[in-house]
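The values are calculated or read from the model by the stated rules, or taken from the named source; none is laboratory data. In this text, all values refer to a predicted model and were calculated from it rather than measured experimentally. Ideal geometry is used to build each Cβ from the backbone, glycine not excepted, and the neighbour counts take in all protein chains shown.
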Amino acid sequence: MNNIISLLSQPQFYLPFLLWTLVWKGLALWKAATKKQLIWFVLLLIINTMSLFEIIYIFFLNRWDIDNGKTLAFLSKKFKKSKK
């Protein structure tokens with residue numbers, strides 16, 4: 001038990017997991033942003049599943065836009081600067 005605790009307290013143990021998550025989350029967020037899928041972007045940003053959700057999104061879920069861009073269009077219209 002002591003060995004497990006000492007292993008978990010070392011930063012070298014977390015570094016591979018951190019790099020793994022960072023790469024997949026970055027790719028998934030980039031893909032969602034380039035496709036202008038706001039809801040997917042927010043979900044990917046908030047949910048942390050050690051990159052399982054990100055990998056599933058990259059290979060399968062990115063084909064479907066949940067709201068067909070309606071949320072992004074609404075927000076851009078709502079916060080559009082008015083010209084005077």
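Quick rundown of the values:
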{"read-out": "Helices (runs of 4 or more DSSP H) fully within the range 1-57 counting 1 or more residues that are small (G, A, S) and touching a residue at least 12 places away in the same chain (Cβ under 8 Å)", "value": "11-34"}
{"read-out": "Scope the range 1-22; condition more than 27 Å from the chain's Cα centre (by Cα) and hydrophobic (A, V, I, L, M, F, W, C); matching residues", "value": "M1, I4, I5, L7"}
{"read-out": "Filter result (of a type in the set (G, A, S) and modelled with pLDDT under 90) within the range 1-48", "value": "S6, S9"}
{"read-out": "Any hit, the range 61-76, residues being under 23 Å from L18 (Cα atoms), aromatic (F, W, Y) and in a helix (DSSP H, G or I)", "value": "no"}
{"read-out": "Failed condition for M50, given (1) surrounded by 13 or more Cβ atoms within 10 Å (Cβ to Cβ); (2) in contact with a helix residue (DSSP H, G or I) (Cβ under 7 Å, 6 or more places away or on another chain)", "value": "(1)"}
{"read-out": "Residue within the range 33-41 that is among the hydrophobic types (A, V, I, L, M, F, W, C) and within 30 Å of I4 (Cβ to Cβ) present", "value": "no"}
